[in-house]
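A.B. asks: Below: one structure in structure tokens.
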Amino acid sequence: MLVGAKSTKDLILRLIKTSGRLSIIEIASELGITEMAVRRHIQILEKDSYIESVILRQTKGRPSKLYQLTKKGEDLFPKKYKQLSVELLKELKSMGQESLITELFTRRKNRLVQQYEIQTSEKTFEEKLEILTEIQSMEGFMPEIRKEKGQIHLKEYNCPYIETAAEFKQICKSEKEFIKDFLDTQEVEIKSCMAAGDGCCHYIINQD
């Protein structure tokens with residue numbers, strides 16, 4: 001099953017990935033299809049172990065049945081676990097070389113910014129933002145841009161490095177600095193982080 005495809009099952013998986021736990025009614029409403037059609041697809045996805053149901057008990061009314069991705073379902077989305085690189089980072093950490101790890105990620109960030117300089121030179125901020133969204137999408141971050149009260153909210157619903165980032169916080173800082181340098185702006189704030197257990201990586205960007 002390919003998440004990039006446009007089948008209803010893939011759309012349901014993507015919707016649950018970006019929204020979190022959802023009921024059949026919510027899925028039907030978001031996709032504009034009948035609840036019966038959603039139930040049919042849900043049964044197949046649950047049988048194939050891509051999703052699982054959880055019961056949400058409320059203080060009033062009947063408990064709600066919600067659906068979330070399983071580990072197998074999460075694995076359908078891009079992940080870039082490179083075991084050798086992770087092991088090397090762990091070795092450096094055990095040797096007390098935290099500063100060297102930080103420098104490695106800083107160098108990587110600088111290299112990426114330089115790599116895209118040809119695409120971004122003489123571009124407006126809005127054009128750079130569009131290019132950044134395309135890059136992050138190709139890298140599997142599932143980005144979403146929203147503008148609110150003079151600020152730009154960048155939400156990324158998938159982290160290709162989440163298991164590594166959970167142990168090496170330098171990755172998250174490096175991603176933040178990459179966004180800041182790529183857009184040539186002075187202020188980028190991390191509002192939430194998947195490596196910290198949040199539902200998405202949420203960056204607030206102030207345009208200079």
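The values are calculated or read from the model by the stated rules, or taken from the named source; none is laboratory data. The shown structure was predicted, so the numbers you read here are calculated from the model rather than taken from an experiment. Virtual Cβ from ideal backbone geometry, glycine too; neighbours counted across all protein chains shown.
A.B. asks: Out of all the residues in the range 138-159, which are closer than 19 Å to LYS173 by Cα and not in a strand (DSSP E or B)?
C.D. replies: First, the residues of the range 138-159 that are closer than 19 Å to LYS173 by Cα: 139-143, 152-159.
Listed by number, the residues that qualify are GLU139, GLY140, PHE141, MET142, TYR157, ASN158, CYS159.
A.B. asks: Check THR102 against each of (1) in the same structural domain as ILE16 (by TED's automatic domain parsing); (2) part of a helix (DSSP H, G or I); (3) among the hydroxyl-bearing types (Ser, Thr, Tyr) and name the one condition it does not meet.
C.D. replies: (1)
A.B. asks: On to the next question. Spot the failing condition for GLU91; the list is (1) of a type in the set (D, E, K, R); (2) part of a strand (DSSP E or B); (3) in the same structural domain as ILE162 (by TED's automatic domain parsing), and only one is missed.
C.D. replies: For GLU91, the exception is condition (2).
A.B. asks: I've got another one for you. Residues in the range 161-189 that are buried (at least 16 other Cβ atoms within 10 Å of the Cβ) and under 13 Å from the mean Cα position of the chain (by Cα): how many?
C.D. replies: 5
A.B. asks: Within the set of pairs 6 or more residues apart or between chains, which connect a residue that is surrounded by 13 or more Cβ atoms within 10 Å (Cβ to Cβ) and among the β-branched types (Val, Ile, Thr) inside the range 43-69 to a residue that is modelled with pLDDT of 90 or more and in a loop (DSSP other than H, G, I, E, B) with Cβ atoms less than 7 Å apart?
C.D. replies: The qualifying pairs are ILE51/THR70.
A.B. asks: Would you mention how many residues in the range 19-42 are in contact with an Asp or Glu (Cβ under 8 Å, 6 or more places away or on another chain) and either surrounded by fewer than 17 Cβ atoms within 10 Å (Cβ to Cβ) or of a type in the set (Gly, Ala, Ser) (or both)?
C.D. replies: 3
A.B. asks: If GLN97 passes every condition in (1) surrounded by 13 or more Cβ atoms within 10 Å (Cβ to Cβ); (2) free of Cβ contacts under 8 Å to residues at least 12 places away in the same chain; (3) not assigned by TED's automatic domain parsing to the domain that holds LYS176 but one, which one does it miss?
C.D. replies: Of everything listed in (1) surrounded by 13 or more Cβ atoms within 10 Å (Cβ to Cβ); (2) free of Cβ contacts under 8 Å to residues at least 12 places away in the same chain; (3) not assigned by TED's automatic domain parsing to the domain that holds LYS176, GLN97 misses just condition (3).
A.B. asks: Just one of THR120, THR70 is touching a strand residue (DSSP E or B) at 6+ places or on another chain (Cβ under 9 Å) and β-branched (Val, Ile, Thr); which is it?
C.D. replies: Among THR120, THR70, only THR70 is touching a strand residue (DSSP E or B) at 6+ places or on another chain (Cβ under 9 Å) and β-branched (Val, Ile, Thr).
A.B. asks: Could you say whether any residue in the range 149-157 is modelled with pLDDT under 95, of a type in the set (D, E, K, R) and at negative phi?
C.D. replies: No - not one qualifying residue is present in the range 149-157.
A.B. asks: For residues that are without any contact (Cβ under 8 Å) to a residue 24 or more places away in the chain and basic (Lys, Arg), tally how many sit in the range 19-37. Spell out the reasoning first.
C.D. replies: Of the residues in the range 19-37, the ones without any contact (Cβ under 8 Å) to a residue 24 or more places away in the chain are 19, 25-26, 28-32, 34-36.
Still in the running and basic (Lys, Arg): none.
Qualifying residue count, the range 19-37: 0.
A.B. asks: Considering each residue of the range 154-174, count those that are without any contact (Cβ under 8 Å) to a residue 40 or more places away in the chain and within 13 Å of TYR203 (Cα to Cα), and give that number.
C.D. replies: Number satisfying all stated conditions: 1.
A.B. asks: Could you check the range 14-61 and list, in sequence order, the residues that are more than 18 Å from LYS72 (Cα to Cα), among the hydrophobic types (A, V, I, L, M, F, W, C) and not in a helix (DSSP H, G or I)?
C.D. replies: Going residue by residue through the range 14-61, those that are more than 18 Å from LYS72 (Cα to Cα) are 23-40, 55-61.
Applying the additional criterion that residues be among the hydrophobic types (A, V, I, L, M, F, W, C) yields 24-25, 27-28, 31, 33, 36-38, 55-56.
Across the range 14-61, the qualifying residues are ILE33, ILE55, LEU56.
A.B. asks: Hey, can you tell me all the residues within the range 160-202 that are charged (D, E, K, R), touching a strand residue (DSSP E or B) at 6+ places or on another chain (Cβ under 9 Å) and in a loop (DSSP other than H, G, I, E, B)?
C.D. replies: Let us first name the residues in the range 160-202 that are charged (D, E, K, R), namely 163, 167, 169, 173, 175-177, 180-181, 184, 187, 189, 191, 198.
From what is left, the residues that are touching a strand residue (DSSP E or B) at 6+ places or on another chain (Cβ under 9 Å) are 173, 175-177, 180, 187, 189, 191, 198.
Result: ASP198, single match.
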